[in-house]
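Below is one structure, written out as structure tokens; the observations come after it.
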Amino acid sequence: MKNNNLVVVGVTFALFTTEALLHYNLGAKKNPNEIRSFVLPPPKDFAKLAAIVAVFSLLSGAIINQISK
């Protein structure tokens with residue numbers, strides 16, 4: 001994997017993980033009147049979330065690499 005592709009995968013992973021955590025927090029806050037700070041999912045759930053995002057980040061990098069050729 002080229003250095004540029006590693007940057008694409010890394011940036012995609014960071015952004016998609018952030019997005020997934022924001023979605024997690026939206027789902028965790030069911031009562032609109034509830035005042036709650038940002039929370040992380042339990043470690044097992046976070047590991048699953050990160051694994052899913054990693055797979056799609058790698059796929060994204062591979063697809064971008066193929067399109068760029």
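Some observations on this one:
- Count of residues meeting criterion [surrounded by 14 or more Cβ atoms within 10 Å (Cβ to Cβ) and not aliphatic (A, V, I, L, M)] in the stretch 13-28: 5
- Looking across the stretch 33-46, the residues that are part of a helix (DSSP H, G or I) and surrounded by fewer than 11 Cβ atoms within 10 Å (Cβ to Cβ) come down to P43, K44.
Read-outs throughout are calculated quantities, based only on the coordinates presented, and are distinct from any laboratory measurement. Bear in mind the structure is a predicted one, so any value in this text is a computation, not a measurement. Glycine also receives a Cβ, built like all others from the backbone with ideal geometry; neighbour counts cover every protein chain displayed.
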